[in-house]
Amino acid sequence: RALFSVVSRHVAMALDRLLRRTDLEQTVMLRTQQLSAANDALRQEVQDRERAEHLQRALFRIAELSSQPGDMNELFHSLHTIVGELLVALNFYIALYDNATGEVTFPYYIDEYQLTSPRSRRGQRGFTEYVIGQRRPCLIDYENARKLERMGEIEVQKKSSRSSSWLGIPLFDGDDVRGVLVVQSYSKSVSYTLRDQELLTFVSRHIDTALSRRSAAEAIHTANLRLEARVRDRTRELDQANARLQYENSHDSLTGLPNR
């Protein structure tokens, strides 16, 4: 009986140590999970803050562009650079839409496969025209594109130039669609998301303002050039008229000889 009592005490102590170790391991595991979750949350918070600061700097640069001199192509190039710092924009273009004529032009077009800009066009049913008609951002992957083709909403693209992910954001002038800003990817490793769509939509509102201000500045500059040209022409005409009057006053009208 004494031996049994000793053995039972040792067994009880061993079980107690085992249970304590199990509890400790569970506590450590739970605490590790909590710390890992807290670390992930902190890392996400830091990333979100960095992303917000990056976005704020981008918006500030866009605002600066609207007040700087330069032509529209320089503005488009700068906008491409800024957008490329926010998301993958290896393939990027800006299309402009003339609401009066229905013409779509491509003043800025950067593409890894198509080295020249598409020609201006009317009445086509590409992705660009689809966004113009929808008046809203459109995120189109390969399956969406095939579905739109089957529905007759868009024309079939050449297989060699089909993008695997296409994101188009309408640009507005007041309530009218003035064009479309597009990023696209031909690689399955780069697929745009709804978060990218929201980001680019937000940025596009500031791009709208920059385009309006730059367009207004260009219009004023063009008007001033025309006015200066008219003033030069008028001044030249007046100089010529004055020269004729001086000649007529200093010469005989019948003989053309200088007056004595």
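Every read-out reported here was derived from the displayed coordinates using simple, explicitly stated rules and does not represent laboratory data. What you see is a predicted model; the values in this text were computed from it and never measured. Every residue, glycine as well, gets a Cβ built from its backbone with ideal geometry; the counts of neighbours run over all protein chains shown.
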- Toy charge model, Lys and Arg Cβ at +1, Asp and Glu Cβ at -1: the range 71-218 dipole around Cα centroid in debye, rounded to 20, equals 520
- Task: State to the nearest 20 debye the size of the charge dipole of the range 34-84 about its Cα centre, where the only charges are +1 on K and R beta carbons and -1 on D and E beta carbons.
- Result: 80
- Task: Just grab the label-to-label distance for V190 and A223, each label 7 Å out from Cα along the Cβ direction, in nm (one decimal).
- Result: 4.1
- Sites R61 and A100, calculated FRET efficiency, Cβ-Cβ separation with R0 22 Å, nearest 0.05: 0.10
- Task: Give me the percent of DSSP beta bridges within the range 71-218 that run antiparallel, rounded to the nearest 5.
- Result: 100
- For every other residue with a beta carbon closer than 11 angstrom to the beta carbon of Q56, add +1 if it is Lys or Arg and -1 if Asp or Glu, then tell me the sum. +2
- Theoretical FRET efficiency, 1/(1+(r/R0)^6), r = Cβ-Cβ of T116 and A41, R0 51 Å, to 0.05: 0.60
- Note on the structure: The answer for chymotrypsin sites (Phe, Trp or Tyr not before Pro) in the range 73-125 that fall in a DSSP coil and have at most 11 neighbouring Cβ atoms within 10 Å is Y113
- Message: Suppose R0 equals 35 Å. What FRET efficiency, 1/(1 + (r/R0)^6) with r the Cβ-Cβ distance, do E50 and Y142 give to the nearest 0.05?
- Response: 0.65
- Query: Hull surface divided by four, with the convex hull built on the Cα atoms of the range 71-218: how many nm²?
  - Reply: 8.6
- Task: Give the relative contact order (percent, whole number) for the range 71-218; include only Cα pairs under 8 Å separated by 6+ residues.
- Result: 24
- Loop-located trypsin sites (Lys or Arg not before Pro) in the range 116-202, at most 16 other Cβ atoms within 10 Å (DSSP): R119, R125, R135, K158, R162, K188
